[in-house]
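The values are calculated or read from the model by the stated rules, or taken from the named source; none is laboratory data. This is a predicted model, so every value here is computed, not measured. When we count neighbours, we look across all protein chains shown, and the Cβ atoms used for this are built from the backbone with ideal geometry, even at glycine. For the accessible areas, the whole protein counts, side chains as well, though only heavy atoms, and no ligand, DNA or RNA atoms are used. Shrake-Rupley method; radii C 1.70, N 1.55, O 1.52, S 1.80 Å.
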Amino acid sequence: QVQLVESGGGLVQPGGSLRLSCAARGIRVTIYTMGWYRQAPGKQRELVATMPRVGNTNYADSVKGRFTISRDNAKNTVYLQMNSLKPEDTAVYYCNAADTILPNYWGQGTQVTVSS
């Protein structure tokens with residue numbers, strides 16, 4: 001059974017930092033394009049960052065320079081380091097494993113709230 005288990009969300013003040021984790025079970029993160037998406041209330045889910053098997057990472061313009069996606073192959077885990085958080089970053093953040101041939105998977109989501 002495949003699972004993407006997110007953790008690390010919470011409440012943080014503007015300007016603060018959080019690190020989200022996505023632990024993969026049943027798949028290897030090295031063979032997928034791993035990504036983070038987010039969905040704010042009343043809005044569509046949007047891409048935050050992706051990390052392909054090979055090649056460059058990709059970021060939404062709104063998070064460039066503040067967020068960093070990374071992968072620990074030994075732990076089979078993907079991370080999203082979020083710095084200089086803003087209230088508009090408030091959303092449920094989802095981990096995604098995507099491939100053009102293999103099935104795609106989503107995590108259950110973790111809430112990030114940026115508020116003073």
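Points worth noting:
- For the range 28-45, the tally of residues that are touching a strand residue (DSSP E or B) at 6+ places or on another chain (Cβ under 6 Å), over 15 Å from Asp72 (Cβ atoms) and either of a type in the set (Val, Ile, Thr) or open to solvent by 20 Å² or more (accessible area, probe 1.4 Å) (or both) stands at 5.
Let's see how each residue does on (1) without any contact (Cβ under 8 Å) to a residue 12 or more places away in the chain; (2) among the polar types (S, T, N, Q); (3) at negative phi:
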{"position": "Ala23", "(1), (2), (3)": "no, no, yes"}
{"position": "Arg28", "(1), (2), (3)": "no, no, yes"}
{"position": "Gly35", "(1), (2), (3)": "no, no, yes"}
{"position": "Gln44", "(1), (2), (3)": "yes, yes, yes"}
{"position": "Val48", "(1), (2), (3)": "no, no, yes"}
{"position": "Asn56", "(1), (2), (3)": "yes, yes, yes"}
{"position": "Tyr59", "(1), (2), (3)": "yes, no, yes"}
{"position": "Asn73", "(1), (2), (3)": "no, yes, yes"}
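- When each of Tyr93, Tyr79 is tested for being modelled with pLDDT of 95 or more and in contact with a Phe, Trp or Tyr (Cβ under 8 Å, 6 or more places away or on another chain), the lone residue that passes is Tyr93.
- Some residue of the range 54-61 being of a type in the set (Asp, Glu), open to solvent by 80 Å² or more (accessible area, probe 1.4 Å) and over 17 Å from Leu4 (Cα atoms): yes
- Candidates in the range 95-116 are the residues that are open to solvent by less than 40 Å² (accessible area, probe 1.4 Å) and in a strand (DSSP E or B); of these, the one that is farthest from Gly26 (Cα to Cα) is Val114.
- Scanning the range 63-83 for residues that are surrounded by 13 or more Cβ atoms within 10 Å (Cβ to Cβ) and polar (S, T, N, Q) returns Thr68, Ser70, Asn76, Thr77, Gln81, Asn83.
- Matching residues in the range 16-27 - criterion: being under 12 Å from the mean Cα position of the chain (by Cα) and open to solvent by less than 70 Å² (accessible area, probe 1.4 Å): Leu18, Leu20, Ser21, Cys22, Ala23
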